[in-house]
Amino acid sequence: MSRIKNKRLHNESSLKEQWPMLVMMLPFFTLFFLLTIIPIISSVFLSTTSFDLLNPIKFVGIDNYFRMFVTDDSFLTVLKNTLILVLMTGPGGFLLAFLLAWIVNEFSPTTRTLLSFMFYAPSLCGNAFFIWKIIFSGDSYGYLNSILLSLGVITEPITFLSDAKYLMPIVIIVQLWQSMGISFLSNIAGLQNVSNDLYEAGAIDGLRNRWQELWYITLPSMQHMILFSVVMQIQSSFTVSAITTELAGYPSVGYSVDTIVSLMTDVGTVRYEMGYAAAISCVLFLLMAGTRIILGKFLQIMGK
Amino acid sequence: MIVKAIKSFRNFREMNSAKQQMNSRRYTRSKFGDFLILLIVVLAGLFTMLPLIYAVSTSFKPLDEILLFPPKFLVRRPTLENYIALSSLLSDQYVPLTRYIFNSVFITIFTTIVYILISSMAAFGLSKSKFKCKNALFMIVQFALLFNTYTLSVPQYLILSEVKVIDTYWAYILPQLATTLGVFLTKQYIEGYIPDAFIEAAKIDGAGYFRIFFRIVLPLIKPILLTLLLFSFRDVWAFIPQGTIFSESIKTLPFLMSQISGGGIARSGSVMAITVIMMTPPVIVYLISQSNVMDSMSSAGIKE
């Protein structure tokens, strides 16, 4: 009895005393629930309806999903494009970010600062991918075309950005160019924090070269950091859309590089088919969350 | 007194990490490996830097050099005419260039300041309050790292139109404020650098939570605040809202960039000029904050 009373007393005093904390947490969490949690939950609900912002919401069951996977060819195309992009730039971008961070760490602090800037710069300048539009421009003044022409490799300028054959590789190159982002910086910081004692112990235990050191000491100590960069990489590679729309337009030639996000944006904010857009975003959430959970489990198993 | 104690605690940690960097040259390094690493650095550096250097150089080229065949990589007779031409390109529009610049600068600075403030307050609560649900909340925040403003753009659209902020500055500001990266990073940092005992000691000295946060915690977590400054500045500066901005008078520089880049090759000088204008502020912010970013990102790991 007295225990219960004590507990309640403690709780009361704690709320009385903790209210400033509540006040400080409120602004962010209000916005977070309003603009992240509620949108996610409401798109699950909206995905079973037909809604165009003007007429009343109509329940349609799984019609949207049926349309997505059976009748609408464009969804399967963008799904395929997105998965190709994710496979090429996700693991590729992650490995590049880790490898370069590891290499940068081999240098002295001053060189390290300079090199980090060089590799981080494309991602730092968010919209700088416009440069590639000029480089790949389709007439003979496009930088790549004019180089190839003057070298005699080609005789006619190639229309890189309106040829389905070239678009996907170009988007992959540009995305990789910008992939040295937050995960790259966090990898550098994480690598600096791996304790030197571990390396010394490893040297005594007979690690012969830096590759063994990387595999047996660095990677296991970086487990949490790696999960963070994996999450960042999933986030950026699943949501490539600005690059494709700006370089290739929407829709791109033969729908060759349109992604789930660009289709969703078009359906939702241009055609105002909110129900269908919500269904697409639900599939996107599931894909991203699924990838995240599987990779998280995988890293946990690897860590043991 | 307390501040002094925490500062010396931090200095101790910094000294430790400095010591680690001093003897970074270890036994496990071979000549061949050194060569391979140098090769990778040079190739990766060329890949990331050449397009940016090309952009800067082209932005200073006079028209006849832009149309030169074969094109030269570097400018020979630098001129500012591409930059001056930017405002005349827009002279047929009723919105002058300065308006776009003002919009970009105002939105970016305002959003970044509010973002840093509400994120660090929420992170402080998540780390040091005694609410029972705080761990669950943090898990949600950590998982939501996966979703950025582009993934959520369509689900957020309905909420934004419900609170009547479509086609206002708020359509730029609110989505960024609801992203969780800032809270996540700051919470991890506070956890790593500010022991509970310091908060308890300050409370015994009679300080309330507001006082503790603004007088003691904020000055101590400066490195992570500068990190948030960089990430938020970079994201907001490059952000193009999807379908929520229509009025030309509240559009920002990224919109202008994509308009100008739609023009043919004769405009490539102007495209590069506005690219350079867009690149400069994030680079400056990076140069100011970079040493802090490297220090503070090491606590970014995700633990499951």
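Looking only at segment B:250-291, count every residue that is at pLDDT 90 or above and over 28 Å from B:LEU63 (Cβ atoms) and tell me the total.
8
Looking at A:ALA277, A:ALA242, A:ALA248, can you tell me which residue is crowded, with 18+ Cβ neighbours inside 10 Å and more than 10 Å from every other protein chain (Cβ to nearest Cβ)?
Exactly one residue qualifies, and that residue is A:ALA248.
Can you confirm whether A:ILE234 is facing another protein chain (nearest Cβ under 9 Å), of a type in the set (Val, Ile, Thr) and either touching a residue at least 60 places away in the same chain (Cβ under 8 Å) or touching an Asp or Glu at 6+ places or on another chain (Cβ under 6 Å) (or both)?
yes
If I ask for residues that are more than 8 Å from chain A (Cβ to nearest Cβ) and over 30 Å from A:GLY249 (Cα atoms), which ones from segment B:251-286 would you list?
B:ILE284, B:VAL285
Evaluate segment A:134-145: report whether one residue or more is among the aromatic types (Phe, Trp, Tyr) and farther than 14 Å from B:PHE69 by Cα.
Yes, that holds for at least one residue.
Kindly check whether there is at least one residue in segment B:209-218 that is under 25 Å from B:MET279 (Cα atoms), touching a residue at least 60 places away in the same chain (Cβ under 8 Å) and crowded, with 18+ Cβ neighbours inside 10 Å.
The answer is no; no qualifying residue exists.
Looking at this structure, is B:VAL95 more than 9 Å from every other protein chain (Cβ to nearest Cβ), surrounded by 15 or more Cβ atoms within 10 Å (Cβ to Cβ) and not in a helix (DSSP H, G or I)?
For B:VAL95, the condition - more than 9 Å from every other protein chain (Cβ to nearest Cβ), surrounded by 15 or more Cβ atoms within 10 Å (Cβ to Cβ) and not in a helix (DSSP H, G or I) - is met.
For A:GLY90, are the conditions met, namely being crowded, with 19+ Cβ neighbours inside 10 Å, under 21 Å from the mean Cα position of the chain (by Cα) and not hydrophobic (A, V, I, L, M, F, W, C)?
yes
For segment A:77-152, which fully contained helices (runs of 4 or more DSSP H) count at least 2 residues that are free of Cβ contacts under 8 Å to residues at least 12 places away in the same chain and farther than 19 Å from B:ASN292 by Cα?
Output list reads A:130-135, A:143-151.
Can you tell me which residue in segment A:181-214 is farthest from A:GLY126 (Cα to Cα), limited to those that are free of Cβ contacts under 8 Å to residues at least 24 places away in the same chain and aromatic (Phe, Trp, Tyr)?
It comes out as A:TYR199.
Scan segment B:120-173 residue by residue and report those that are among the β-branched types (Val, Ile, Thr) and facing another protein chain (nearest Cβ under 7 Å).
The answer is B:THR151, B:VAL154, B:ILE159.
Would a scan of segment A:270-278 turn up a residue that is at pLDDT 90 or above and within 21 Å of the chain's Cα centre (by Cα)?
There is at least one residue in segment A:270-278 that is at pLDDT 90 or above and within 21 Å of the chain's Cα centre (by Cα).
Counting just the residues of segment B:152-183 that are of a type in the set (Val, Ile, Thr), closer than 19 Å to B:THR111 by Cα and in contact with a Ser or Thr (Cβ under 6 Å, 6 or more places away or on another chain), which one comes out surrounded by the most Cβ atoms within 10 Å (Cβ to Cβ)?
B:VAL183
Considering segment B:196-208 alone, what residues qualify as being of a type outside the set (Gly, Ala, Ser) and either under 20 Å from A:MET225 (Cα atoms) or in contact (Cβ under 8 Å) with a residue 60 or more places away in the chain (or both)?
Within segment B:196-208, B:ASP196, B:PHE198, B:ILE199, B:ASP205 qualify.
Count, please, the residues in segment B:30-46 that happen to be at the interface with chain A (Cβ under 7 Å from one of its Cβ atoms) and either surrounded by fewer than 15 Cβ atoms within 10 Å (Cβ to Cβ) or not in a helix (DSSP H, G or I) (or both).
Of the residues in segment B:30-46, 3 are at the interface with chain A (Cβ under 7 Å from one of its Cβ atoms) and either surrounded by fewer than 15 Cβ atoms within 10 Å (Cβ to Cβ) or not in a helix (DSSP H, G or I) (or both).
I'd like to know if segment B:231-240 contains one or more residues that are at pLDDT below 90, under 30 Å from A:VAL261 (Cα atoms) and within 11 Å of chain A (Cβ to nearest Cβ).
yes
Would you pick out the residues in segment A:153-162 that are of a type outside the set (D, E, K, R) and either crowded, with 17+ Cβ neighbours inside 10 Å or without any contact (Cβ under 8 Å) to a residue 60 or more places away in the chain (or both)?
A:VAL153, A:ILE154, A:THR155, A:PRO157, A:ILE158, A:THR159, A:PHE160, A:LEU161
Keeping to segment A:51-87, report how many residues are closer than 20 Å to A:VAL174 by Cα and either surrounded by fewer than 15 Cβ atoms within 10 Å (Cβ to Cβ) or at pLDDT below 90 (or both).
2
From the list B:THR149, B:THR112, B:THR186, B:THR108, pick out the single residue that is buried (at least 17 other Cβ atoms within 10 Å of the Cβ), assigned to a loop (DSSP other than H, G, I, E, B) and touching a residue at least 40 places away in the same chain (Cβ under 8 Å).
After ruling out the rest, the residue left standing is B:THR149.
Would you confirm whether any residue within segment B:219-242 is acidic (Asp, Glu), surrounded by fewer than 16 Cβ atoms within 10 Å (Cβ to Cβ) and assigned to a helix (DSSP H, G or I)?
So far as segment B:219-242 goes, no, none of its residues is acidic (Asp, Glu), surrounded by fewer than 16 Cβ atoms within 10 Å (Cβ to Cβ) and assigned to a helix (DSSP H, G or I).
How many of the residues in segment B:127-142 are within 24 Å of A:VAL230 (Cα to Cα) and either surrounded by fewer than 17 Cβ atoms within 10 Å (Cβ to Cβ) or modelled with pLDDT under 90 (or both)?
So the answer is 4.
Within the set of pairs 6 or more residues apart or between chains, which connect a residue that is without any contact (Cβ under 8 Å) to a residue 40 or more places away in the chain and outside the structural domain of B:SER270 (by TED's automatic domain parsing) inside segment B:58-76 to a residue that is of a type in the set (Lys, Arg) and surrounded by 13 or more Cβ atoms within 10 Å (Cβ to Cβ) with Cβ atoms less than 6 Å apart?
Final answer for the pair search is B:VAL75/B:LYS61.
Determine whether B:PHE246 is closer than 20 Å to A:THR245 by Cβ, more than 9 Å from chain A (Cβ to nearest Cβ) and not in a helix (DSSP H, G or I).
yes
Limited to segment A:280-304, what total is found for residues that are modelled with pLDDT of 90 or more and at the interface with chain B (Cβ under 10 Å from one of its Cβ atoms)?
Number of matching residues: 12.
The values are calculated or read from the model by the stated rules, or taken from the named source; none is laboratory data. Owing to the predicted nature of the structure, the values given are computational and were not obtained by experimental measurement. Glycine gets a Cβ as well: all are built from the backbone with ideal geometry, and neighbour counts include every protein chain shown.
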